[in-house]
């Protein structure tokens, strides 16, 4: 119960700080530890034991985090069965992890024969303080899944100890009032809320789905750290009101934020832009701070205690400036996938995690990401990084977003193609964009360009390349 012990520490040192707050409820650290202990005692009385696999399907984010902290304290293994997932996806995940119990705020939820326990927040929050739990060495565990941008996902089981080590890379959270666009039902959001609570930070949860209302709520509560996805960067730029973001650190995560988009943000929104490079398996790896946003769109320097190397196909370390495969070692990172031996052997080797990203380390020590290893295009023996095509296309004034990829060709091996989302649907033709790209890329220009109204993305805002690939016929070229 490492996290509960931390909450008890914060209860004494910063009792009036808001640990968890939304437009329905505010819990200061003076109350949170007591509430978690109440819930933990209740769960134990209902037969929840250390090691039991318990699902959480609670949409209220304060309640969800209280439930999550309580399951950690009791030593259970928890998994989120998110409301945005289909019934079939939730059922498959429950079967995959061997779910024993579902903790839910909806009495009509059913998962085959899995018992349910309905969350009654009025009961939990009106109870008197329970006796203090025995501070044993029991550790809760948390399932997280990878984003699955290529059509599948891996499961990772983290212990409280691993999560606490990851949280140590975010000591700045102690002095932050954090708001994240993504709800806690998403992997990264729940984990960052746990990081913040470990360090004694304050957490505010969004009140609605409209970005303008979220920003207004953030301003009203003096939020200092505003975490967004790349798809929200354009929305903030469109608001064209820098005063709204005064005093906030804006941190896009997940998908790459190209240099043109960074500069537009710096010019129109705020100079306080932080771009994070992270993986589900390792947690945060590197951070580009406001002084790092140049034409390379770097990922910045490695965070404390994180080691990054760039290696060739034989795992030999490459010199600075030379592109190769990135590998990472960090405290608290995963060491295996839950139920995939083949993926574990591929991605975890010799104490390193291989995130399947290509890049290089600059002479100044900053990391530059060139793209996914599997996404590299081979045109007649010429290696083409999709990101190079995307950056050129996105430099065109009519292009909002571009995604490049390779499709099979019996003659050329692969040919580069691209999908483009325009600012104005009639702003430019595909032929004009091809000519523009050819002038900058020579042989590396995309041979075909298709327009889409909206890019296909997953729930975390990451591009679904396997969906984009379906737009192209992969017959011989």
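For the chain, the mean residue ellipticity at 222 nm estimated from helices alone is -9000 deg cm²/dmol, where every DSSP H run of n ≥ 4 contributes -39500 (n - 2.57) and the total is divided by all residues, rounded to the nearest 500.
Beyond 17 Å, the tail of the calculated P(r) for segment 1-54 holds 44 percent of the Cα pairs.
From the convex hull of the Cα coordinates of segment 376-469, what is the mean projected area in square nanometres? Taking the Cα atoms of segment 376-469, their convex hull projects to 5.9 nm² on average.
Using r as the Cβ-Cβ distance of residue 452 and residue 311, and R0 as 45 Å, what FRET efficiency do you calculate, to the nearest 0.05? My answer for the efficiency is 0.80. Just to confirm my numbers, what's the Cα centroid distance between segment 401-432 and segment 191-254 in Å? Taking the Cα centre of each part, segment 401-432 and segment 191-254 sit 33 Å apart.
Starting from the Cα gyration tensor of segment 183-228, take the square roots of the eigenvalues, sort them a ≥ b ≥ c, and report rounded, prolate or oblate (rounded when a/c is under 1.5, otherwise prolate if a/b is larger than b/c, else oblate). In terms of gyration-tensor shape, oblate.
Ranked by the mean number of other Cβ atoms within 10 Å of their residues, highest first, the peptides 159-172, 113-126 come out as 159-172, 113-126. Under the criterion of Cα pairs below 8 Å and six or more residues apart, the relative contact order for the chain equals 10 percent. Which whole-angstrom value gives the distance between the alpha carbon centres of segment 9-84 and segment 293-364? Measuring centre to centre over Cα atoms gives 34 Å.
Mark the label point 7 Å from the Cα of residue 291 along Cα→Cβ and return the residues of segment 297-326 whose backbone N is within less than 14 Å of it. Inside the label zone: 300-301.
Potential lengthening of the chain between residue 263 and residue 30 amounts to 79.6 nm, from the contour at 0.36 nm per residue minus the alpha-carbon distance. With a simple spin-label model that places each label point 7 Å from the Cα along the Cα-to-Cβ direction, the separation between residue 237 and residue 113 comes to 5.5 nm. Put a dot 7 Å past the Cα of residue 336, heading toward its Cβ, do the same for residue 122, and the two dots end up 4.7 nm apart.
Here, each number is a calculation from the coordinates, and none is a lab measurement. Predicted, not measured: the structure shown is a model, and the values here were computed from it. A quick note on method: Cβ atoms are made from the backbone with ideal geometry, for glycine too, and the neighbour counts reach across all protein chains shown.
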